[in-house]
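Below you'll find the structure, written out as structure tokens, and then a few comments.
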Amino acid sequence: MDHDTEKFYKDLDNEIWNMLRNQGYQENPEEARECIELMAPYVNRGIDFDDPEKKARFLTLMQNILNRMMPGTQMFVRDCLLSDEVSALYVPKTILREPGFVDASERHGGLLCTHRVMIISNHMIPLPESKGWGAYVAPRNSYYKVLANYVSGVTGKRLILLLHLPLDGSWKIFEKVDIGDLGGIDIEKTSIERFEKRHIEPNIPELATVEWLKRCIRPVGIDDKNIPYPLEDQLT
């Protein structure tokens, strides 16, 4: 990537983060770091703490993270054609990192392609556009946890459900912890029900254009060789 292109992308990423901060989105890397350190000795035991004080502190930190991460979440979608090889890489509980920007729409309708990637997020920014896409974008180097790789019993089409994680390092926590274990949050069930209801509706014309579909053609978190991007490689 040449210098001018990289500078453009960095400026765009900074603009996205400025908009997120202006909208009140916050992260706390210090709490994420402490939470990771607390759980480190216990990750092979299912976070089975033997120290009540450490367990209480861990649960407090996790609740703080969820309190920043979950309010205001929306379901954004990008429809695409994925090969069986790529589709199989979306294994539930897997963490993926996408080094590029990710476009998705707030509009849900009929599924023209084979797959619908649905992103649960409270930190995507609306794009200025007048084409009826309802387009939003996620920052570069976003992390996503695969919640489901679901096949519709009605149409045979697939839903890839991704949870957009904070960029404060807490993805390392969600490698080991499922949010459903921390308060009975069942966003997977709600998302699948929405998918089954909406993907059989008529197609939304604006989201069936070549221009929009080209913006969604790439799989999220998977490179051109059909290999997941390394989790800790960062763009410079």
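Does Lys197 meet the test of being modelled with pLDDT of 95 or more, among the basic types (Lys, Arg) and within 23 Å of Ser152 (Cα to Cα)?
yes
For Leu162, only one of the following conditions fails: (1) closer than 24 Å to Phe58 by Cα; (2) buried (at least 20 other Cβ atoms within 10 Å of the Cβ); (3) hydrophobic (A, V, I, L, M, F, W, C). What is its number?
Of (1) closer than 24 Å to Phe58 by Cα; (2) buried (at least 20 other Cβ atoms within 10 Å of the Cβ); (3) hydrophobic (A, V, I, L, M, F, W, C), only one is false for Leu162: (1).
Would you pick out the residues in region 55-80 that are of a type outside the set (A, V, I, L, M) and surrounded by 15 or more Cβ atoms within 10 Å (Cβ to Cβ)?
Lys55, Arg57, Phe58, Arg68, Thr73, Phe76, Arg78, Asp79, Cys80 - these are the residues of region 55-80 that are of a type outside the set (A, V, I, L, M) and surrounded by 15 or more Cβ atoms within 10 Å (Cβ to Cβ).
Run His108 past the list (1) modelled with pLDDT under 95; (2) surrounded by 17 or more Cβ atoms within 10 Å (Cβ to Cβ); (3) not small (Gly, Ala, Ser) and report the number of the one that doesn't hold.
Here His108 meets the rest and fails (1).
For residues that are part of a helix (DSSP H, G or I) and acidic (Asp, Glu), scanning just region 1-16, find the one that is nearest to Glu98 (Cα to Cα).
Out of the qualifying residues, it is Asp13.
For region 100-108, check the following and say yes or no: at least one residue is assigned to a strand (DSSP E or B), among the small types (Gly, Ala, Ser) and either closer than 17 Å to Arg215 by Cβ or touching a residue at least 12 places away in the same chain (Cβ under 8 Å) (or both).
yes
Here is a list: Leu96, Leu127. Which entry is in contact with a strand residue (DSSP E or B) (Cβ under 6 Å, 6 or more places away or on another chain), surrounded by 16 or more Cβ atoms within 10 Å (Cβ to Cβ), of a type in the set (A, V, I, L, M) and free of Cβ contacts under 8 Å to residues at least 40 places away in the same chain?
After applying the criteria, what remains is Leu127.
Go through region 67-99 residue by residue and tally those that are touching a Cys at 6+ places or on another chain (Cβ under 6 Å) and not in a loop (DSSP other than H, G, I, E, B).
Number satisfying all stated conditions: 3.
Tell me, which residue of region 139-157 that is farther than 16 Å from Asp178 by Cα and among the hydroxyl-bearing types (Ser, Thr, Tyr) is surrounded by the most Cβ atoms within 10 Å (Cβ to Cβ)?
Here the answer is Ser142.
In region 13-25, how many residues are surrounded by 11 or more Cβ atoms within 10 Å (Cβ to Cβ) and either polar (S, T, N, Q) or more than 19 Å from the chain's Cα centre (by Cα) (or both)?
Counting residues in region 13-25 that are surrounded by 11 or more Cβ atoms within 10 Å (Cβ to Cβ) and either polar (S, T, N, Q) or more than 19 Å from the chain's Cα centre (by Cα) (or both) gives 4.
The values are calculated or read from the model by the stated rules, or taken from the named source; none is laboratory data. Bear in mind the structure is a predicted one, so any value in this text is a computation, not a measurement. Note that each Cβ is placed from the backbone with ideal geometry, even for glycine, and that neighbours are counted across all protein chains shown.
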